[in-house]
Structure formats: C-alpha cells, structure tokens
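To start, the structure itself, in structure tokens.
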Amino acid sequence: MTTDIPATAPTVLEVRNLAVEFALRGGTFTAARDVGFKLQAGRTLCLVGESGSGKSVTARAMMQLIDAPGRIAGGTIMLSGEGAPVDIATLNPRGDAIRAIRGRRIGMIFQEPMSSLSPVHTIGAQIVEVLRLHLKMDRQQARARTIELLRQVEIPDPERNIDRYTFEFSGGMRQRAMIAMALACNPQVLIADEPTTALDVTTQAEVLDLISRMQRELGMATLLITHDMGVVAEVADDVAVMYRGRIVEAGPVDEVFHGARHPYTKRLLNSVLKLERTSELKQASTAADPILSVRDLGKLYQPRQGFLSRRPKTEVRAVDGVSFDLMAGESLGIVGESGSGKTTLGRLILRIVEPTEGTVTFRPATGAPIDVRALDKRGLRGFHQQVRLIFQDPFASLNPRMTVRQIIADPLVVNHIASGASLDARVSELLSMVGLDPAMMERYPHAFSGGQRQRIGIARALALNPRVLIADEATSALDVSIRSQMLDLLLELQQRLGLSFLFISHDIGVVRYFCDRVAVMRRGKIVELGPAETICTAPEHPYTKALISAVPHPDPRQKRMRTRTRLDA
Amino acid sequence: MSLEPDNLVTDTDHATELPLDETQFVATAGASAAVAGQWTLMLWKFRRQKVAMASLVVVLLLYLVAILAEFLAPYDVDMTRPQYTYAPPQGISLFVTTPDGGWRFLPHASGYKIVVDQEAMRRTFVVDPEQIIPIGLFVTGQSYKLWGLFESNLHFIGPTNPADTVYLLGSDRIGRDVFSRLIYGTRISMSIGLVGVVISLALGVFLGGISGYYGGAVDTAIQRLVEVVSAMPTIPLWMGLAAAIPLTWPSGLVYFTVTAIVSLLGWTSLAREVRGRFFALREEDFVTAARLDGSSEMRLIFRHMLPSITSHLLAMVTLAVPAMIIAETSLSFLGIGLKPPVVSWGVLLQDAQNLRAIANAPWLLFWPALAVMVSVLSFNFLGDGLRDAADPYDN
Amino acid sequence: MLGFILKRVLYMIPTLFGMSLVSFFIIQLPPGDFLTSLISAIADSGQSLDSATVAALTAQYGLDQPFYVQYWNWISGILFRGDFGWSFDWGQPVSRLIWDRMGITLFVSVLSLILIWAVALPIGIYSAVKRYSIGDHIFTLLGFIGLAIPTFIMALVLMYVSYKFLGQNVGGLFSPEYQDAPWSLGKLWDLCLHLWIPIVVIATNSTAALIRVMRANLSDELNKPYVVTARAKGLKEFTLIMRYPVRIALNPFISTIGWVLPALISGVTITAIVLNLPMAGPLLLRALVSQDMYLAGAFILLMSVLTLVGMLISDILLAVLDPRIRLQ
C-alpha cells in the first residue's frame, strides 16, 4: 500500500512493499510486511503505532541497520537525488554503498540520548568523526564546523562544551548533540526514532521545535517515529499508522485525525482524545474532610563529605516544604517533570523513605488522627494497611517466583486476616473486582500482559480494604489504549469502595482525566495547587503555564505547542 | 525478540484491551508455561544446554565412583607388590585369537615380560600381548568393608583369577595399582570440593547477606575483609596456612583443616556476589511491595529475597567447586596439604614430582591429571549451564 | 587526577595494614616461636643454650610481649629499617635473601601479564564479534581446557613434553654452562629457552579467564545503542567496533588486573617450585616446611604488596581511560 500524498515537493525516499523478518527458534516472525510510504523534501511523515507495531524496525530498515536475526525480506527502498536512484533494500548491510548513505544522505536520531552516545568520547569527537569521514574535512575545519553545529542546535557555550562528555549533559542537551551529529553532513533524509520519548514535556517541545526548524532550514525529508498522537498532531504533515507490522491507514495529518477510516486508528484516537478532558465516570467529590494531611514535608539528602573530594558536594532537597490535604473520596494529582520530587513525595508519606522534616497526619475512619512520622514498626504496619501503593512498573513490582494467588494473598496472610477457604474466596473476589478471571490465580506473572499485571498489582493493593491509594505513575508503562481502561477501572473502584487517590504522574492528560485537584511540583516544591480543570486550562504560575502549553495537543487543527509559553530559567 | 516466557501471554479475558505485540507470540505458549514455577522454567532452560547436561552426568558419575570406591576398585588402596615397580598400564582387549586363526570373546588384559636395561642396570616391565590374563565384571577378589560397614569381596572389575595381577592404569614405585588408587582418590578429592564449598557458602551467604542487607558500617568492615583476603595471592597464603598443620595430627583432622583452609579463601567471591544481589534485590519494587504488605524482615528475606537468589547461588556454588579441587590438589602436590596414607588426586601427583619419575612412568602424571581436568571441566560446564538457566525471567 | 591517585593510595593503607596482619599471623601460626626452632637447631648441632641466654634472647626479640607489641616490632623494623627479621635456616637477615628472588618474580610476572594481554585481547575481540563461529567455539573450548588445568600440572606436562620431544632439560633459568658466565647473547638465548615454559604455564590460566571476560564484556557492549549510532554514521564495521565497543569493553578488562595479579603471583609461585626456578616460590616452600617463618612471612607480605601495587596501577589506568571515573 503506497500513500499518494498530494504535495508538490519532490520525493526523496520511496518505500514499497517492504517486509522485515526475524528468524526465531520455531519459525519466522514477520515484524513488518507490505509497508509503503514516501518521504518528500521539506515534509514530515509521522509513523505512529504502539509498542511492537513494527515502526522502529521499519525505520532501521531505511539504513540497513536491522540486527541479526532480522533481515529485509522483500520490497524496495528507493533513495533519489545525487545521481541515479539507489534501492537501499538491495544493498549489502556491510558494504561501501550503504556506508556512503549512512550519516551522509540519511541522518538518524535515536530514542535514548544517554545510551546512544558513547560515554567515553567527547561530544565533539563523535561529531568531528562524521565530518571527517564523509566530508573529508581536516581536523581544524571539522572542529570549527562542529562548534557551528552545536551553536545551531542551541547548545550554550559550544567552544567549551565541544570537549565535554555526554554524562556531563542533561537529557535534552544530549539529544541536541545527537541532532547536530545526524545533521552534520546536511542529509536529504532525517529519521528520528522516538526522539523525545525519554524526555520531559518541556524538553520535548524544545527538541521538536529544533527538529522542525532544522528541517525548514535544510529542506530535509523527515520520518518521525512515535507512539504519541499528540506529537503527531503537532509536527506531522503526513501520517502513517502502523499496527501489527502493517500500515493500516495513511494520509495527510488532518485527514487521518478528522476522517479516520480504519477501526484501529479510530480506537487509538478515541483513547487519546478521551484523556483530553475529565472522565465521564467522574463524579464531583462531595467530601470535605481531609483524610491525609501533609504539612511542610521535606527530605534533605546530606551528602557524606567524601574525604579529599575536590568539589564540595551540595545538599539536595528532594522534597521541600510540601503541604496539602487529601480529602476523603478525592483524587489529588501530583504532576511534575523528572526530578521534581513527586515520586519521593509518595515514598515519604509511606515512610519508605524517611522524611527529614514536616508532618503527615492520617485520619482513620474511627479513632484519633495518626501522626505517621511518630509511628513505631507496628503502628506503621497498621498505617500501611490503610494507605497502599500502586507501582509504576507492572513487571518489577510482582515477584516472578510467586503465583498470582500467592501475590494477592500475601498481605492477607502476613496480617493474619484470612486463611484457607476464606483466603481463596477473597483472592477470587479481588481478581473479579479488577476484571481478571479468578480461574487464573494459579498462574505466574509471566503469563500475563503488562495491563493484566497492573490489574494484579491493584488487586494486591485492594486486598486490605485500604482507604487511600497512592498511585505512582501507575499507567506510565502502559500503551495509550490500555491506559484509559486502567483509569476507568480505578475510577470505578474509587466509587465502589470510597477510595481516595494520591495520583502521581508526569502525564497531564492522565491527571486531567482522573483527578479532582492537581498539585504541580517543581524542584521539590508545590508551585500551584487547584482544581484539575483550572490547572489544565487556565494555570497561573509561570511554570505551570510553560508545562501545560508544552503538552502536545492531539488535534492538528489546534496545535498547542506553536503558541506555547516558554519559561525563562 | 526471543520466545522467552515474558512473551507468553494469554489474553483471553481481555478482548477489550487492544492486542499487544506480545500476542503475536502466543501461539507457542502452552497452558503449562503459565503455571510453571521458577524451578520448572529453569529445568526447561537447562535441558536445552547439551554440554551442561552431559557435564551433569559426568559429575554424578564421579560422585558415584566416590561413593562406591571399595566396590569399583579392583584392589585395596594400600595393596603393594614391590616386585611390580613402575609396571606400565596393560591394555584391555575383548577378543583373543584362537590357534585356528579365528576370534573368541574373552575380555583380558595383557601380561608383562621383564626386560633388563643393560645400560641403566635396571629391570623394566614391558606389556606382552602374548600373555593373557582374563578379566571380568563382578569378580571376587580381596575382601573389603564398604563404607567401613558391609563386608564383601565382590569387585566391579578385576582378574577372574584372584591370584593374577592387573594394572589397568599401571603401578607406582612400590607396585600399587594406580587405577584403584585413582578411584579411592576420587572419594577424597571430590568430597573436599563439596565440603569446602558448603563451608564457603555458609560463610559467604552469612557475611555477604548481612553486609548487603544492613549496609553501613557493617558492610564497610566486611568489604574491607573481603578486599584484603581476595587481594592476597592465594597459593602463598594457602601454603602459609597449610604449612602450619602439625605433622602429628591424625589424617582426619588434617583433611578437615585443609578443607577449611581451602574454603576460607573461597568465600570472598561468594560473599561479594551474594551482597551484590541482596543490594539489588533490596531496591526491587516487589520487595518494597512485600514490605508495605506488612512482611517482617525475616519473611522479606526468606520468602521474597532468598528464593530469587537460590538458583544463582546454586550456579555460583557449582562454579566454586573447581577452585577447591585445584587448591587441594596443588597443596597436596606440594606436600603441605593431605599426606599419605590419605589418597587424593593431589597425593597421587606427588609421585610425579620430578622429571625422572614422569619420564619413567608417565601414567603417574597422566591419569590423576586427567581426573582433575575432567572433574574441573564438568563442574565448569555444569555451572555455566546453571548460571544461564538461573534466571528464567531474564530476557 | 592527582587527587584521585592520592585518594587511591590513601585508600590502600587499611588494606595494606590488613595484609601485614595476615602475614604476621602466618608467622606466628606454627606451634612454638622461632626461639624454639633456634634452640632445637642448636641442639641438633650438638650444643645447648643455657637458660640465661634463652631469657636474654626472649627479651631481645620481645617474645614475652603481647601479639600487638611483637607485631609492632616486626612491622616497624620493615617500615623504618627495611629489616624483615632473621632467617634461621640460612643464618642471614631475611632482607638479604628476598630481593633477588622477588626481582625475578616480578620480572616473570610482568612478562606473563604482557603475554596474557597480547593473547587474550585479540582472541576475546574475535570471539565476541564472531560469536558462535567455528573459531569462537575452538577458542572457547581451548579456554575451558586452559582454565581446567592446574598450573603445576601444566608445568609438569610441558616439562615432560619439552624433555621428550625437544630434548631440553628445563629446570632452572640457565643451563649449567651459563650459570655463572657473564651476560652474553648466548646466555640471553639460553635464558629465553628456559623461560618460555614458565611464562606459558603461568599465563595459560589467566589468558583463558581473560578471553572469557573480554568476550562477555564486548558481547554486551556490541548490543548497546551507541554502536547502532556509530553504524548509522557510516563508519566501517572494523573501525567502529575498535573505536566504540572495544574501547569501552577495555575498561572492565583492565580492572581485571585486580584478580589476575593475585592469580599470577600464585601461578608464579607454584611454577617456580615445580620447575625449580630461582624465584620466590621454592624458597617460600622451603621456609614454610622448615618453619623459617620470618622468611616466609616476608615473602607473603611482599607478594601481597605486589598485587596491591598492581591494582593501584590498574585503577590509575582505568581513570586515564574512562572519563566517567576521572571526572565524577
């Protein structure tokens, strides 16, 4: 299937009937089949799909970069311009011909800016290398050009930073360096494989801006691989949706977003758009009494002053004077970028990490309020029955060596709440509650998918009839289509069981969908707290404004990032 | 992209969840994989490794030899026949030529004839295929007490006529049967490996465990100890410790002291590994989850953390055995480990200490050396196989 | 960088202290003290010591003092006067006996280390890059066998082989005719003829181990995203493998000196005993057997120090190679 894009720009790269296969024990796995698209000069094609859809494999096929046991099993990849067109699919992956194309005519950016650059070479050395290889520059020329490139990608003080190592850079800076490297030889085609997935939203916005600007300046054809429909809406000219190794829908971005034909595209768009507003399942919370009160909570990491260490180490305030009330039956979102202290906050409340200052007060259904920081081991155990944690990683948080029954029953057993037949009955009940078949309780976690595992984790959290759940990025590891189902499950459970949620997330959409109120964290502090709708539509604090406006909007007709506010340091 | 268990997904009840990539692998997942515990998964993974499986068989055979030494050996370990000094190994044949030129089944060893070396003025034995000494399985011979308990005179292999002598692997300076001594030596050498590793393991798990679990000052102190011990060259240190064993001690005590010395210096790597794994596990989400579930420290360690490292421990322990065997062999060879009348592979190798002895009777070097190599190799292969299978959840 | 080195040196001090304690513990280990040995040695020669002399000697050597005082006497002698104690067996100060032999031990160890690296590095790289090829399988098998043969057996076998097939007698470092001759090309050649067996013997085990380390490290590195990045730049496969993954896999390879050196010293010791080379090994064994403990202790301490110095060098090398260690 080839898309016919009604655009006048010349086609630089055309893929037809591409198939990629992996030879595995017990058969061949076709990762991509019958894939076709065109890349045109100056235009951006977004290849979008969920994990395992075959989009990354397709990207790598463009440069013959597929690792054994994978191989291109059929189709053509025609690269035009600079002489006669070349069919990349027929080139030897180790040959001179493909090497003359890599880095010279096609540049590539990868997902992990840390591991995609060598840790023991300077940024400069890694860029100079490309220039010397393809453009035959001498050392001085290459160095001068590298400094210029670094300046173009907005790396400050390029004369100095050219000699620094990747680990001395932040994630965004590394990705900028990566872009400089990919664009060093003015390639015709830029392939960006999930270039912003590992970055925070504000950094993502900057990097996407940079890619667009460079594309305009150099007139490149760009292939952007992403799983994020918001990113697609913001940057794409054309879209191809991949599902199970095939392109199921393709066309100009507006057509795909507003006139999707394929059921998968429709479902994908629905689950994304669903997170653009408050859930319909959400009922206005009526409670007024706080169930959990946090006052001036802080965690100060005092570094051990290493003897003879050259640089004096500074102390780190991971969480700094945080105060809020969680009302009974309410969902309070904690939003922030990486390093904002939101995860530590959750752990401080549960005393997985000991706070260094402030108070946490929990009000049980009966009896006096509890000062959590003053609890002894036994008291803390009681507190942990009422306030439970849902983890981010559905794989790491379940002991792979225990059956689902053992995992869910463990809190009931250790707290001597149930045993024997009543234990089994309770486990069955919990499994049904989270939408799993109780017949599967003898299975081990490895027999379940990510979404199912997260449900098991939720069942474990519910086993002790808790009153508060702290969900730490509970949906971040899941694909977008499963994400909204998980949120709906939590909402349903909240209403059925009268739960209160402290919902920690970096994802504004998820928080808006799920939460009543939102607290925005930055550098260990809460900068703004208010009703979810207000925070997401009319924030006051400059940081929140920058944050919200950096979130890609999954509608190409209302690009949010174009008009975003930047926060000046 | 492999077909490891993580990809074995059964998505039956979630028609609503959009199928993930994983579902494309479902075809290969049996229902049994879903309910298979870690040991079953490990067994599946281990069984795919042919070399490791074969090594397991060899190791089991070696321990069988060690257990049944008295029965398997044709002669007693100390049986001397001074008239047969340095007799070379006799070949075994299964058939004899009959006078009419045909073949007849008769398992036998060839006898010896004596050749006098005029120059060196020495008698040497030469294997003479003309002489036939019939041998058989399950023959009667010298009586012995199996494990010092059961009296018997049945031997697995030997000459059918008890009066004959058979040196299948040759004889030593005072006419002792190298084959029998090698079998008895297996008992000592293989058991030292096993006992030594148990002591190492106990020390390593205990110190490594508390080091990794408590951290802090305890950890620093233990790490320092590990550092000192592992930085000192082992052979000189072993020699220094072993040389202090008084000559007057009974052989049983010497055996245990040598084992202890060998294991004392082997625990460091185990301690280091256990500590590393405990450190990593302590931070695992599922351990935190168990702590929040209300598990006590003991339950955390024994129910959640230890099961995750037992398989790794098994592999580590298997890989530690060869070092023990080599250590014992080396010390005994130098004359400061086990000493006669105890028989181990190292003690046997003492007879091959100088060039003259080896030139005269290369079999004194060859067979014990081969035994050491075979055992060390199979433990290494087995350990490697176990290590590869140790984490069935690893992609 | 200087601060880093200073830090490492300071960090070594407690380890050194621990090692000296262990060495002194070994000196003290045999029943009786060295005076008992002295008395029995003198008694063997037909004389006897009166109790006053014994008392005087006891006081002189501080034998009536507690362990820590005796330890201090011993270690301060070494640190401030280079005095390692007295060898009864030889009737000389220990310090006069050890340095020659430690010198040759060091020389042979360094030669072996160079051989180990020269062999293990290219084979390790080859095996990792051509994983599961026939060559890799052959090297893997050879490596396993190399690991399985105890050093002394290897020495015995090579000794036998060289005697049987090359007609060489390989005991010692020199043939008798060169033993006391002045240095010449002939003597050097003779030394080489004698030295190749011990060096091969000593190097085999560690070479096999290092091949496996390099293969494993590099195999891991080959799958890292930065290799794909380098490939996407259009670099030649050989260039990119040498420049990136090999360069990074080299770091753990170098830090293996930490355990290769103790193993090497162990190998040198036992090989020297088997082949009767004029190195530390045979003298240490003789000292231990005759309970000449100050001599034995000196060797054990010096060998430990040698490995520690080796580790320091590897730490420094590592910092030179790896900016992550140097700058953080």
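The values are calculated or read from the model by the stated rules, or taken from the named source; none is laboratory data. Just so we're clear, the structure is a prediction, and the values are computed from it rather than from any experiment. Cβ atoms come from the backbone with ideal geometry, glycine included; neighbour counts cover every protein chain shown. With ligands, DNA and RNA removed, areas are computed over all heavy atoms of the protein, side chains included. Shrake-Rupley method; radii C 1.70, N 1.55, O 1.52, S 1.80 Å.
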Residue hits (the range B:55-97; free of Cβ contacts under 8 Å to residues at least 60 places away in the same chain and open to solvent by 30 Å² or more (accessible area, probe 1.4 Å)) are B:Val57, B:Leu60, B:Leu61, B:Leu64, B:Gly91, B:Ser93, B:Leu94, B:Phe95, B:Thr97
Selection from the range B:162-197 of residues open to solvent by 20 Å² or more (accessible area, probe 1.4 Å) and of a type in the set (Gly, Ala, Ser) yields B:Ala163, B:Ser191
Log entry, pairs with first residue in the range B:282-298 being at the interface with another protein chain (Cβ under 7 Å from one of its Cβ atoms) and outside any helix (DSSP H, G or I), second being open to solvent by less than 10 Å² (accessible area, probe 1.4 Å) and charged (D, E, K, R), beta carbons closer than 8 Å, six or more apart or on different chains, reads B:Asp293/A:Asp410; B:Ser295/A:Asp410
Of the conditions (1) within 23 Å of A:Asp34 (Cα to Cα); (2) open to solvent by 10 Å² or more (accessible area, probe 1.4 Å), the single one that A:Leu223 does not satisfy is (2)
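Table: residues versus (1) part of a helix (DSSP H, G or I); (2) among the polar types (S, T, N, Q); (3) closer than 22 Å to B:Glu328 by Cβ.
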position: B:Leu182; (1), (2), (3): yes, no, yes
position: B:Gly185; (1), (2), (3): yes, no, yes
position: B:Gly196; (1), (2), (3): yes, no, yes
position: B:Leu201; (1), (2), (3): yes, no, yes
position: B:Ile210; (1), (2), (3): yes, no, no
position: B:Asp219; (1), (2), (3): yes, no, no
position: B:Ile222; (1), (2), (3): yes, no, no
position: B:Glu227; (1), (2), (3): yes, no, no
position: B:Ser230; (1), (2), (3): yes, yes, yes
Flagged in the range B:339-363 as closer than 24 Å to C:Gly172 by Cβ and open to solvent by less than 10 Å² (accessible area, probe 1.4 Å), in numbering order, are B:Leu349, B:Ala352, B:Ile358, B:Ala361
Considering the range A:339-369, residues that are among the charged types (D, E, K, R) and open to solvent by 20 Å² or more (accessible area, probe 1.4 Å), and then whichever is farthest from the other protein chains (Cβ to nearest Cβ), we arrive at A:Glu357
The residue from A:Ala7, A:Ala31 that alone is modelled with pLDDT under 90, within 27 Å of the chain's Cα centre (by Cα) and open to solvent by less than 60 Å² (accessible area, probe 1.4 Å) is A:Ala31
Does the range B:316-338 contain at least one residue that is farther than 30 Å from B:Leu386 by Cβ, open to solvent by 10 Å² or more (accessible area, probe 1.4 Å) and in contact with an Asp or Glu (Cβ under 8 Å, 6 or more places away or on another chain)? no
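Do we find that A:Leu567 is open to solvent by 20 Å² or more (accessible area, probe 1.4 Å), in a loop (DSSP other than H, G, I, E, B) and not acidic (Asp, Glu) in this structure? First the steps, then the outcome.
Working: open to solvent by 20 Å² or more (accessible area, probe 1.4 Å): yes; in a loop (DSSP other than H, G, I, E, B): yes; not acidic (Asp, Glu): yes.
Yes.
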Counting only residues that are in a helix (DSSP H, G or I), of a type outside the set (Asp, Glu) and surrounded by 14 or more Cβ atoms within 10 Å (Cβ to Cβ), the range A:145-176 contains a total of 17
Taking the range B:355-365 and keeping only residues that are within 9 Å of chain C (Cβ to nearest Cβ) and not β-branched (Val, Ile, Thr), one is left with B:Leu355, B:Ala359, B:Pro362, B:Leu365
Review point. Would it be correct to say that A:Ala374 is at pLDDT below 90 and either open to solvent by less than 60 Å² (accessible area, probe 1.4 Å) or more than 30 Å from A:Gly172 (Cα to Cα) (or both)?
Key: no
Okay, helices (runs of 4 or more DSSP H) sitting entirely in the range A:395-501 with 1 or more residues that are in contact with a Pro (Cβ under 6 Å, 6 or more places away or on another chain) and either of a type outside the set (Phe, Trp, Tyr) or surrounded by fewer than 23 Cβ atoms within 10 Å (Cβ to Cβ) (or both), I get A:420-433, A:450-462
The correct count of residues that are buried (at least 23 other Cβ atoms within 10 Å of the Cβ), more than 21 Å from the chain's Cα centre (by Cα) and not in a loop (DSSP other than H, G, I, E, B) in the range A:239-248 is 1
Residues in the range A:385-394 that are open to solvent by 10 Å² or more (accessible area, probe 1.4 Å) and more than 9 Å from every other protein chain (Cβ to nearest Cβ) total 1
Condition (residue is within 14 Å of another protein chain (Cβ to nearest Cβ) and modelled with pLDDT under 80) applied to the range B:207-215: is it met by at least one residue?
yes
Modelled with pLDDT of 75 or more and touching a helix residue (DSSP H, G or I) at 6+ places or on another chain (Cβ under 8 Å) - does that describe any residue in the range B:124-138?
no
If we take the range A:28-141, then helices (runs of 4 or more DSSP H) inside it with 2 or more residues that are on the phi < 0 side of the Ramachandran plot and within 14 Å of chain B (Cβ to nearest Cβ) are A:55-61
From the option list C:Ile270, C:Ile265, C:Ile325, single residue qualifying as surrounded by fewer than 20 Cβ atoms within 10 Å (Cβ to Cβ), in a helix (DSSP H, G or I) and in contact with a helix residue (DSSP H, G or I) (Cβ under 7 Å, 6 or more places away or on another chain) is C:Ile325
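To keep it simple, each residue is scored yes or no on (1) more than 23 Å from C:Leu288 (Cβ to Cβ); (2) part of a loop (DSSP other than H, G, I, E, B).
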| site | (1), (2) |
| --- | --- |
| B:Leu319 | yes, no |
| B:Phe333 | no, no |
| B:Gly337 | no, yes |
| B:Val342 | no, yes |
| B:Ala359 | yes, no |
| B:Ser378 | yes, no |
| B:Asp384 | yes, no |
| B:Tyr393 | yes, yes |
Going through the range C:237-255 in order, the residues found to be more than 7 Å from every other protein chain (Cβ to nearest Cβ) and open to solvent by 30 Å² or more (accessible area, probe 1.4 Å) are C:Phe238, C:Thr239, C:Met242, C:Arg243, C:Leu250, C:Pro252, C:Ser255
- Any hit, the range A:69-88, residues being touching a Pro at 6+ places or on another chain (Cβ under 7 Å) and open to solvent by 30 Å² or more (accessible area, probe 1.4 Å): yes
- Query: Taking the condition loosely packed, with under 15 Cβ neighbours inside 10 Å and of a type in the set (Asp, Glu), does B:Asp128 pass?
  - Reply: yes
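Which residue out of C:Gly258, C:Gly281 is at the interface with chain B (Cβ under 9 Å from one of its Cβ atoms), under 15 Å from C:Met102 (Cβ atoms) and modelled with pLDDT under 85?
Exactly one of C:Gly258, C:Gly281 is at the interface with chain B (Cβ under 9 Å from one of its Cβ atoms), under 15 Å from C:Met102 (Cβ atoms) and modelled with pLDDT under 85, namely C:Gly281.
Residue by residue, here is whether (1) touching a Ser or Thr at 6+ places or on another chain (Cβ under 9 Å); (2) more than 10 Å from chain B (Cβ to nearest Cβ); (3) open to solvent by less than 60 Å² (accessible area, probe 1.4 Å) holds:
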{"residue": "C:Gly103", "(1), (2), (3)": "no, yes, yes"}
{"residue": "C:Val110", "(1), (2), (3)": "no, yes, no"}
{"residue": "C:Leu113", "(1), (2), (3)": "yes, yes, yes"}
{"residue": "C:Tyr132", "(1), (2), (3)": "no, yes, no"}
{"residue": "C:Phe144", "(1), (2), (3)": "no, no, yes"}
{"residue": "C:Gly172", "(1), (2), (3)": "no, yes, yes"}
{"residue": "C:Ser175", "(1), (2), (3)": "no, yes, yes"}
{"residue": "C:Gln179", "(1), (2), (3)": "no, yes, no"}
